[in-house]
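For reference, the structure discussed in these notes is given below.
The values are calculated or read from the model by the stated rules, or taken from the named source; none is laboratory data. Please read all numbers here as calculations on a predicted model, not as lab measurements. Here the Cβ positions follow ideal geometry from the backbone for every residue, glycine too, while neighbour counts run over all protein chains shown. Side chains included, ligands, DNA and RNA excluded: accessible areas come from the protein's heavy atoms. Shrake-Rupley method; radii C 1.70, N 1.55, O 1.52, S 1.80 Å.
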Amino acid sequence: MEIRIATADDWPGIWPFLREIVAAGETYTWPRDVDETQARQMWLVTPPGRTVVAVDTDGTVLGSAKLTPNQLGPGAHVANASFMVAPSAAGRGIGRALGEHVLGLARADGYRAMQFNAVVAVNTRAVALWRSLGFEVVGRIPEGFRHAVDGYVDLLVMYRRL
Ligand SMILES: CC(C)(COP(=O)(O)OP(=O)(O)OC[C@H]1O[C@@H](n2cnc3c(N)ncnc32)[C@H](O)[C@@H]1OP(=O)(O)O)[C@@H](O)C(=O)NCCC(=O)NCCS
């Protein structure tokens, strides 16, 4: 598995699992019926943002992540990042590898910290992964997420210095 900067050619490999994850309505604050044009625009970010892909030896895209400033101007020294691993490739360490890679990219880009604005509290796999990568919960939005299965659940703000 290799992690590298995404190109426009990677989009057809990202879109099927991105659509599946967003449509499930369990982890992302995106419209569940997001169309491909809007999704492409939201995921393949422009500089200073970066999008990366984790690819198998045969070129299959297994996961992807994006790194952007969390705010503009005087808030732009804090990074934000988002991660998606193809459900068929989950539990194989790809999320962790993407997380470590993106933390390294953020440091190299000069960010001072990284913040996740909307981690669904019942997304136990993600919360455990981010904690193990040094993030702590610094805020909780009560019932900030309408989960497709669990109903109204909390959103967590998670943060770590770089
Ligand atoms: C969250 C996500 C990125 C994790 O990716 P992944 O490749 O499946 O994760 P990994 O295989 O690297 O496992 C990472 C950690 O998850 C946790 N984990 C793995 N399987 C788990 C399970 N079945 N239940 C609970 N936690 C689990 C473990 O803490 C694991 O750490 P370890 O390396 O010490 O075993 C991926 O599941 C995903 O894309 N989910 C949908 C979108 C999403 O939730 N994105 C994050 C939004 S904040």
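Below, the figures for the structure above:
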| quantity | calculated |
| --- | --- |
| Over the chain: helical MRE at 222 nm, DSSP H runs n ≥ 4 each giving -39500 (n - 2.57), nearest 500 | -8500 deg cm²/dmol |
| Note, ³J(HN,Hα) from phi for region 70-80, Karplus 6.51, -1.76, 1.60, rounded to Hz, x at Gly and Pro | 6, 9, 9, x, x, x, 7, 7, 9, 8, 10 |
| Surface share of carbon and sulfur [accessible, 1.4 angstrom probe, percent] for the chain | 49 |
| Amide H partners (placed H, <5 Å) of residue 70, local residues excluded | 78, 79, 80 |
| The chain, Rg to Rh (Cα coordinates; Rh as Kirkwood inverse mean 1/r) | 0.94 |
| Karplus-derived 3J(HN,Hα), 6.51/-1.76/1.60, for each residue of region 102-109, Hz, glycine and proline x | 5, 4, x, 4, 5, 4, 4, 7 |
| Among beta bridges that DSSP assigns inside the chain, antiparallel share in %, nearest 5 | 95 |
| Local electrostatic count, residue 52, Cβ distance below 9 Å [Lys/Arg +1, Asp/Glu -1] | +3 |
| For residue 5, solvent-accessible area (1.4 Å; no DNA, RNA or ligand), Å² | 80 |
| J(HN,Hα) series, region 148-162, from Karplus relation 6.51 cos²θ - 1.76 cosθ + 1.60, nearest Hz, glycine and proline x | 4, 10, 8, x, 6, 10, 6, 10, 10, 9, 10, 8, 8, 6, 10 |
